[in-house]
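Beneath this line is the structure, given in structure tokens, with notes to follow.
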Amino acid sequence: MILVGGGHAHVQVLKLWGLNPLAGVNLTLISPQHQTPYSGMLPGLIAGHYSQAATHIDLIQLCQFAGAKFIQASLAHIDLAGKQLHLNENDHTIKFDVLSLNSGITPNLTIEGVSDFATPVKPISEFYPRWQQTLDELCSENTAKSIGVVGGGAAGVELTLAMQHAVLHHAGISREVRFHFVYRDDEPLKQFPRRIRHRVHAALTKAGIALHNHSEVCKLKHNKMYFADKHSLHCDYIFWCTSASAPEWPKKSGLDTDKQGFIRVHDTLQSSSHSFVFASGDVAQQYNHPRPHAGVFAVRQGPILFQNLQRKLLAKPLVKHRPQQHFLSILALGDKEAIAYRRFFPALQGGWVWRWKDTIDRRFMAMFSKLN
């Protein structure tokens, strides 16, 4: 059995496998990185509240605990007929009987110039070193600089506020750094209720971040954004945080996908076209219960995925997973403050909300750091 990707669902599969191993099964994890970030703690990492070690899961250590083999490589293609994986590392191939995919999504780089002049937020393994390099460059500069973040979703809001907090509290940065938050709609967080949008708008305004609404980027050049209405904006650094896309390999490999290219799965997390393939997290979509691509759903899928992988190997009936319809959202506001929201409940805001979120996140990470 092969797991591709070290996402939130697969790390739980590995932990549970180590606690409940299945005799006679060779388990392998394939991932481009040997450490995987926990997305819930990314804003705190960028803001400087957490270290990199505190926000990343060591996949090699986790595989050792699970009795699994680890291969550091990227997936290029799946030969479904021959049950083989083709890896980017020297076109290496590896056979499987049961396959599970939890490999995440890719940034949307279709806008002209994005791949050359912007830093995508995903994958985080590439974004975080670039952010560290940016801080170093800001320390050595003698002139005012500007940073632009494109994307009006929750990730864009949290990232902008976290970056601004990091810059303000970085001992080596003495020059002015101006932040620009760019989004297409009238307000950020279009899918959130008005009371949350109002609070977030107030937080962005209080932080002194320049807001650019109704601004649809159509082209990027060096240090410059060009918009559909013909105006432009200079930014010394541009970070790309728009909606990510499905990778190309699921559809090219012959897996059944939805219109957006995400792998269609039953409520058992089993591919709708190939019963020996499972998929979870952002790369997949339960067609009976479609949900937004958010880490909270992958976390909930983990234990069900573990059960069904073992049940598949034992030829037992699979169990169904029904994702929650309403879930708790907690938005970090840069400083150690946050907003909590769940549908039909009042909004909660303050330092205690951030501490609540911090407790939840640390409890999840402790599952993978305290391994015997």
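The values are calculated or read from the model by the stated rules, or taken from the named source; none is laboratory data. Small disclaimer: the values here were computed from a predicted structure and weren't measured. Backbone-built Cβ (ideal geometry, glycine too); neighbour counts: all protein chains shown. We work out accessible area using only protein heavy atoms, side chains counted, and drop any ligands, DNA or RNA first. Shrake-Rupley method; radii C 1.70, N 1.55, O 1.52, S 1.80 Å.
Okay, here's what the table says:
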quantity: Total residues in the stretch 84-109, condition over 30 Å from residue 156 (Cα atoms) and part of a loop (DSSP other than H, G, I, E, B); calculated: 8
quantity: Unique residue being closer than 28 Å to residue 79 by Cα and surrounded by fewer than 23 Cβ atoms within 10 Å (Cβ to Cβ) when the list is 313, 305, 269, 211; calculated: 313
quantity: Failed criterion for residue 226 (all others in (1) surrounded by 23 or more Cβ atoms within 10 Å (Cβ to Cβ); (2) assigned to a strand (DSSP E or B); (3) of a type in the set (Ser, Thr, Tyr) hold); calculated: (1)
quantity: Residue in the stretch 272-302 that is least open to solvent (accessible area, probe 1.4 Å), counting only those that are under 26 Å from residue 21 (Cβ atoms) and aromatic (Phe, Trp, Tyr); calculated: 278
quantity: Checklist (1) in a loop (DSSP other than H, G, I, E, B); (2) at pLDDT 90 or above; (3) under 20 Å from residue 155 (Cβ atoms) applied to residue 205, failing item; calculated: (1)
quantity: Residue in the stretch 140-147 that is touching a Cys at 6+ places or on another chain (Cβ under 7 Å), surrounded by 17 or more Cβ atoms within 10 Å (Cβ to Cβ), in a loop (DSSP other than H, G, I, E, B) and of a type outside the set (S, T, N, Q) present; calculated: no
quantity: Per-region count, the stretch 151-162, residues out of contact with any helix residue (DSSP H, G or I) (no Cβ under 6 Å at 6 or more places or on another chain), buried (at least 22 other Cβ atoms within 10 Å of the Cβ) and assigned to a helix (DSSP H, G or I); calculated: 5
quantity: Any strands (runs of 3 or more DSSP E) falling wholly within the stretch 1-83 and containing at least 2 residues that are open to solvent by 10 Å² or more (accessible area, probe 1.4 Å) and closer than 21 Å to residue 282 by Cα; calculated: 35-37, 56-58, 75-79
quantity: Residue that is in contact with a strand residue (DSSP E or B) (Cβ under 9 Å, 6 or more places away or on another chain), more than 21 Å from residue 340 (Cα to Cα) and either in a loop (DSSP other than H, G, I, E, B) or open to solvent by 20 Å² or more (accessible area, probe 1.4 Å) (or both), where the choices are 199, 175; calculated: 175
quantity: Test: residue 136 is among the acidic types (Asp, Glu) and either touching a Phe, Trp or Tyr at 6+ places or on another chain (Cβ under 8 Å) or under 20 Å from residue 47 (Cα atoms) (or both); calculated: yes
quantity: From 91, 116, residue being open to solvent by 70 Å² or more (accessible area, probe 1.4 Å), under 24 Å from residue 4 (Cβ atoms) and not aliphatic (A, V, I, L, M); calculated: 91
quantity: Filtered residues of the stretch 120-144 (kept if more than 28 Å from residue 6 (Cβ to Cβ) and of a type outside the set (Ser, Thr, Tyr)); calculated: 137, 138, 139, 141, 142, 144
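So that you can scan it fast, the table gives a plain yes or no per residue for (1) closer than 29 Å to residue 2 by Cβ; (2) in contact with a strand residue (DSSP E or B) (Cβ under 7 Å, 6 or more places away or on another chain); (3) in a strand (DSSP E or B):
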{"site": "179", "(1), (2), (3)": "no, yes, yes"}
{"site": "187", "(1), (2), (3)": "no, no, no"}
{"site": "259", "(1), (2), (3)": "yes, no, no"}
{"site": "268", "(1), (2), (3)": "yes, no, no"}
{"site": "274", "(1), (2), (3)": "yes, no, no"}
